[in-house]
1. If you check Thr160, Thr204, which single one turns out to be buried (at least 16 other Cβ atoms within 10 Å of the Cβ), of a type in the set (Val, Ile, Thr) and more than 23 Å from the chain's Cα centre (by Cα)?
2. Just one of Asp393, Asp356 is of a type outside the set (Gly, Ala, Ser) and at pLDDT 95 or above; which is it?
3. Does the range 311-318 contain at least one residue that is of a type in the set (Ser, Thr, Tyr), within 21 Å of the chain's Cα centre (by Cα), within 30 Å of Gly210 (Cα to Cα) and surrounded by fewer than 24 Cβ atoms within 10 Å (Cβ to Cβ)?
4. Condition test on Glu120, is it charged (D, E, K, R), under 29 Å from Ala168 (Cβ atoms), under 17 Å from the mean Cα position of the chain (by Cα) and modelled with pLDDT under 95?
5. Test Asp153 against the stated conditions and say whether it is farther than 14 Å from Ile114 by Cα, charged (D, E, K, R) and at pLDDT 95 or above.
6. Of all the residues that make up the range 225-256, how many are in contact with an Asp or Glu (Cβ under 7 Å, 6 or more places away or on another chain) and of a type in the set (Gly, Ala, Ser)?
7. Could you please find all residues in the range 52-66 being in contact (Cβ under 8 Å) with a residue 24 or more places away in the chain, surrounded by fewer than 23 Cβ atoms within 10 Å (Cβ to Cβ) and farther than 24 Å from Ile200 by Cβ?
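The values are calculated or read from the model by the stated rules, or taken from the named source; none is laboratory data. Keep in mind the model is a prediction, meaning the values are calculated, not measured. Cβ sites come from the backbone with ideal geometry, for glycine too, and all protein chains shown count toward neighbours.
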Amino acid sequence: MDHDHVRATDPAVAEALTGEIERQRNTLSMIASENHASRAVLDAQGSVLTNKYAEGYPGERYYAGCAYADAVEELAVERARELWGADHVNVQPHSGTQANMAVYTAVLDPGDRILSLELEHGGHLSHGHPANFAGQLFEVEHYRVDPETGYLDYEGLAETADEFDPDAIVSGFSAYPRQVDWERIDAVADAVDAYHVADIAHITGLVAAGVHPSPVGVADFVTGSTHKTIRAGRGGIVMCGEEHADAIDNAVFPGVQGGPLMHNVAGKAVGFGEALDPSFAEYAEHVVANARALGEALADHGLSLVSDGTDTHLVLVDLRDSHPDLSGGDAEDALDATGIVLNGNTVPGETRSPFDPSGIRAGTAALTTRGFDEDAMREVADLIARVLDAPEDDEVLAAVSDRVDDLCDAHPLYE
Ligand code: DSN
């Protein structure tokens with residue numbers, strides 16, 4: 001982690017890299033989409049595969065010299081198939097958004113209709129937000145969570161599907177704390193003759209470990225990212241049945257991407273290999289247990305949790321009841337000042353703006369990687385509550401910051 005080669009030629013970048021390592025070591029990473037990849041994953045991503053062009057797929061490349069690129073891609077695919085039980089896997093998408101773009105390109109035409117969860121209810125930009133290609137290319141309608149319970153409104157989804165007659169229904173979410181009933185959404189998709197695309201970006205690791213039900217074999221397509229709860233190299237993935245294999249491979253390349261990022265594919269292969277070890281299932285169970293402990297302790301401090309809790313790696317706090325004058329953005333800033341790093345987030349029924357929303361989202365994947373247990377998570381919840389109650393009190397912020405330092409020292413990272 002000393003970046004000697006960078007330091008020798010580019011001290012300014014080396015300083016930023018060193019600063020980032022120290023930042024990760026000395027703060028609590030609670031951004032729900034982040035994790036701490038292993039040294040092996042980082043090593044693979046920083047490898048000489050950075051140099052290699054390998055358009056195409058193993059055994060069918062457009063360039064010479066792809067023997068080792070083929071080897072890592074075959075390993076990544078084989079391991080992914082074992083982890084998620086998918087018939088066909090494409091490991092080349094550069095990100096989860098690229099994975100979604102590939103699926104849409106494979107089976108939809110511009111102007112077709114997508115039905116997806118509204119962004120402020122937990123959806124994702126690539127599910128059809130007007131600022132995203134998906135919202136610009138397709139006609140988009142949204143379903144929502146039940147405003148009372150915070151759980152997905154499956155009946156509302158079915159009604160909207162009947163009225164809107166979508167070509168694809170997107171399930172899978174970026175700020176939804178509860179388990180998803182994939183079969184129920186799939187039945188709606190079947191009833192309106194729509195493709196079902198399940199985007200499991202956040203919960204890839206939980207699904208692989210069996211601590212969240214799997215949409216593989218249920219939805220027509222399963223997309224995801226590979227660096228969140230699954231903790232592998234950075235990027236995206238698409239899974240599907242054999243009947244869609246060619247369409248997906250052609251959509252990824254040459255459809256929406258050029259040369260695959262083979263160093264990232266190597267990082268995916270290494271991380272997937274790590275996730276096949278039985279210890280990964282224990283890790284994933286701890287991630288969920290930690291999120292539950294975090295949520296319960298936050299609720300004990302009077303904070304409102306969307307859906308009153310969690311089944312996953314994240315909690316979504318609606319600050320409007322407990323702290324009506326505190327925005328999610330201000331909460332994020334105050335917490336960041338103490339070394340607790342999370343994000344302000346929109347909540348169902350949002351009354352502020354996406355830039356300064358009413359909630360905060362916190363995840364436990366990264367802290368669990370550092371060895372935090374449920375007692376430690378309860379203490380983190382206490383610290384969060386102290387900051388939210390006094391976001392402008394320098395003495396409180398300093399005291400919390402000291403305690404964050406102690407927790408970081410007790411859970412070393414990248415030693
Ligand atoms: N940026 C990711 C998240 O935080 O949910 C999704 O792309």
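1. Working: Thr204 fails: more than 23 Å from the chain's Cα centre (by Cα).
Every option except Thr160 fails the conditions.
2. Working: Asp356 fails: at pLDDT 95 or above.
Of Asp393, Asp356, the one residue that is of a type outside the set (Gly, Ala, Ser) and at pLDDT 95 or above is Asp393.
3. First, the residues of the range 311-318 that are of a type in the set (Ser, Thr, Tyr): 312.
Those still in the list that are within 21 Å of the chain's Cα centre (by Cα) too: 312.
From what is left, the residues that are within 30 Å of Gly210 (Cα to Cα) are 312.
Remaining after also requiring surrounded by fewer than 24 Cβ atoms within 10 Å (Cβ to Cβ): none.
The answer is no; no qualifying residue exists.
4. Details: charged (D, E, K, R): yes; under 29 Å from Ala168 (Cβ atoms): yes; under 17 Å from the mean Cα position of the chain (by Cα): yes; modelled with pLDDT under 95: yes.
It is true that Glu120 is charged (D, E, K, R), under 29 Å from Ala168 (Cβ atoms), under 17 Å from the mean Cα position of the chain (by Cα) and modelled with pLDDT under 95.
5. Details: farther than 14 Å from Ile114 by Cα: yes; charged (D, E, K, R): yes; at pLDDT 95 or above: yes.
Considered against the rule, which asks whether it is farther than 14 Å from Ile114 by Cα, charged (D, E, K, R) and at pLDDT 95 or above, Asp153 comes out as yes.
6. Of the residues in that region, 1 qualify.
7. Taking the range 52-66 and keeping what is in contact (Cβ under 8 Å) with a residue 24 or more places away in the chain, we get 52-57.
From what's left, surrounded by fewer than 23 Cβ atoms within 10 Å (Cβ to Cβ): 52-53, 55-57.
Result: Lys52, Tyr53, Glu55, Gly56.
Here's the yes/no breakdown for (1) surrounded by fewer than 17 Cβ atoms within 10 Å (Cβ to Cβ); (2) in a loop (DSSP other than H, G, I, E, B); (3) without any contact (Cβ under 8 Å) to a residue 24 or more places away in the chain; (4) in contact with a Leu (Cβ under 9 Å, 6 or more places away or on another chain):
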site	(1), (2), (3), (4)
Arg25	no, no, no, yes
Ala32	no, yes, no, yes
Asn35	no, yes, no, no
Thr50	yes, no, no, yes
Tyr68	yes, no, yes, yes
Glu74	yes, no, yes, no
Glu78	yes, no, yes, no
Leu83	no, no, no, yes
Gln92	no, yes, no, yes
